[in-house]
Amino acid sequence: MMLRTPPQRKRRAESVAGDESPVSDRRLVPYGGGAAAVPIASAEPSDPMVCTYHCRQMVKSEFMVAFNTLERQVGDYQARLETLHEQLCRSDDERKKCQDHLTFLEQELAATKGREHALQERLLKEVTDSHERHRAQLKRISELEVELNRESDSRKTAELSAASAKETIKDLEGKLQRLTESSEREKNMLKKELSFSQDSLNLSASKLAANLERMRLRAENSEKEAELLKQELKGLREQLNECLHQKSEVEHKLSRFSASSNQNTPTEDQKLVKLLQEEIRNYESEVREARRLRSSHVNNELLKEKLLEEKGRRERAEMELSKLMEFQERAQKLELELLSWKSLLREIPDVSCYDDIPKKFAALQKEVIENMIKVGEISASLKELEVKLEDASLSRQHAENESALAKEKAESAALGAKRLELMLASVTEERDRLKKDSFVLDKQKAGHTNETLLKDLAEKENSIREMENSLHQLRELLSHQHEELELMNEKLNVEARKVKSLEREGDRLRSEIALLESKLGHGDYCASSTKVLRMVNTLAVDNEAKHTIEALQAELKRTQEKLQAVEELKGQSDVGKIIDANIPEKLVQLKSQIAILEKREERYKAVFAEKISVFRRACCSLFGYKIVMDDQQRPNGIPVTRFTLQSIYAQSDDEKLEFEYESGTTNIVVNEYISQPEISHQVEIFIKKMNSIQAFTANLTMESFNKRTLS
């Protein structure tokens, strides 16, 4: 058997083939036509034949090795080409997907542009509406300021009228006190006169009794004298009868004597007759004298009685005249007082009699207190309106700033959309260029260009992903801007509703002020609309200021949180710079507002403390009770306000009234002073039966006043 290659050469060829790199110059040595045929050598070939054979075998082995390496490289390149083709198909699919995604993004961008345009139009419309509302609000605020000035002037006039009413009330109270003092003096004088008249009546009764006794004695004496006179009269009648009988006898004797003895001398008879006639005359004169004495005695007694009666009448007439003079003076004083009262009644409206004056005083006091309370409430509500107007103006400024920020954000979003359009245009250009490159790559066979193509594709994919991420961020930013715009719209609507409610509240307060001014001007009083004074320490203005401070502090916290969030997002977009520029101004404004509100709160507290002290002193001087308020709590946790009332006419510190006020109901607390029989009887009548604490305190004040003044 003939060997084709010697072992040494074979080993060298294999070692050379193994040592050669697969990548060589790959040059082929042209060989003659007899290369295919192998000559059959003899058993002992010559040296040149062996050398050529060896060279041929060596070249053949090198060629075979190079051919095998080339085949392997071709297979590798075909596999790579197939993988590149598959990658190109996948890239085409991805490109189609990206194209679809880009078309979808373009549609979304167009839709977002349309929505943004509509939103911008709506924002512009809302901004114009807000500007118009702002102008209307400014106009309304100016009108409200004018009305506030008017209301402050009206409040000043109401305070002046209230002060004048207080002065008139004080004058009326002074007049009433003077009248009560004069009535007390008159009462004391009448009591003294009554005692004096009783003494005079007793004296006159004793005098009358003595006069009656004296008259009785005189009557008895006169009866005795009448009996004696009757006896004397009987004796005189008997004497007269005897004288008449003697006269008749004498006349008979004379007639007989004249008839029997006419011879007697006429001188003696005449003398005798004369004597007898003289005796008869004497007897007649004595009888007349006796009759005259009797009649004079009777007349004397009658005259004495008449004289005594006339003396008594004279004394009584003198007493009655003195009393009449006193009564005339008193009547003149009463007429003058009556005229003063009538003039006072004419000056006071709705008063027709004396009994209406205390009621009118009480009504005026209640009305003054009610007007003071209403004026305080109206001033507090006006201050609340001022605070609310300031809050509305601040919120309006905040809304304007937010609308400006929204406009800037919308502009930045529009710029971002334009950038996206430019990026999309550049992406489409890159896509077209990649298509061209893919066609060029199909023609090319080298691997270096494929690697560069793959790198370009990877870079483009990364750029597409970055663009998608930026689009996603822009979408989130747009959605966030939409949410902020919706929140701003809601805030604007809320502020508009607040402004409308404030306007309605201002109208209501103006109507109430006008009604109060009309009532105060006419002096009207209505018991149904009178509020009972309850000394509850409800600091409405203070609480409102605290609420506003808390709200501003909460808003400050929210702005600080927003500031932190914006600082975190500061380097990502230009929005953070825009917001960052406005936040310090907001913080300064909020801090200044908080300082102003704190100063206002302190001022409100000082004014309220001064007003409440004046109000308590006024209540003490008007109603006569010192009021002390104490907030307590029951075991079940229900808050109770206890009021301790002490009259200024109280004779000791134990004379106190205690009331508990809970959710609109007032109950009296039983203590040692209330448990007294007189006070408990009044409590039973006025509070339990009549359900009137005011009548109870008024009656107790009158009794304490009477005790104090009479003692």
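The values are calculated or read from the model by the stated rules, or taken from the named source; none is laboratory data. Quantities reported herein were computed from a predicted structural model and do not represent experimental measurements. Cβ: placed from backbone, ideal geometry, glycine included. Neighbour counts: every protein chain shown.
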Checked against (1) assigned by TED's automatic domain parsing to the domain that holds Ser296; (2) more than 30 Å from Lys311 (Cβ to Cβ); (3) at pLDDT below 75; (4) loosely packed, with under 14 Cβ neighbours inside 10 Å, Ser164 satisfies every condition except (1)
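From Val536, Val575, Val588, grab the single residue that is β-branched (Val, Ile, Thr) and either modelled with pLDDT of 75 or more or under 30 Å from Glu658 (Cα atoms) (or both).
Within the list Val536, Val575, Val588, the selection yields Val536.
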When you look at Ser61, is it among the polar types (S, T, N, Q), farther than 29 Å from Glu408 by Cβ, assigned to a helix (DSSP H, G or I) and at pLDDT 75 or above, yes or no? yes
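Considering only residues that are among the hydrophobic types (A, V, I, L, M, F, W, C) and within 17 Å of Glu430 (Cβ to Cβ), which ones fall in region 85-102?
Residues of region 85-102 that are among the hydrophobic types (A, V, I, L, M, F, W, C), as a first pass: 88-89, 98, 102.
Leu88, Cys98, Leu102, listed by residue number.
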Region 639-661, residues that are assigned to a strand (DSSP E or B) and either more than 19 Å from Gln694 (Cβ to Cβ) or in contact with a Leu (Cβ under 8 Å, 6 or more places away or on another chain) (or both): Pro639, Val640, Thr644, Leu645, Gln646, Ser647, Lys656, Leu657, Glu658, Phe659
When residues of region 627-666 are filtered for being more than 27 Å from Lys707 (Cβ to Cβ), among the polar types (S, T, N, Q) and more than 22 Å from the chain's Cα centre (by Cα), how many remain? 3
Do you know which of the residues in region 675-685 that are buried (at least 16 other Cβ atoms within 10 Å of the Cβ) and among the hydrophobic types (A, V, I, L, M, F, W, C) is nearest to Ser704 (Cα to Cα)? Ile679
Within region 625-672, restricting attention to residues that are surrounded by fewer than 16 Cβ atoms within 10 Å (Cβ to Cβ), without any contact (Cβ under 8 Å) to a residue 60 or more places away in the chain and hydroxyl-bearing (Ser, Thr, Tyr), which residue is farthest from Met702 (Cα to Cα)? Ser663
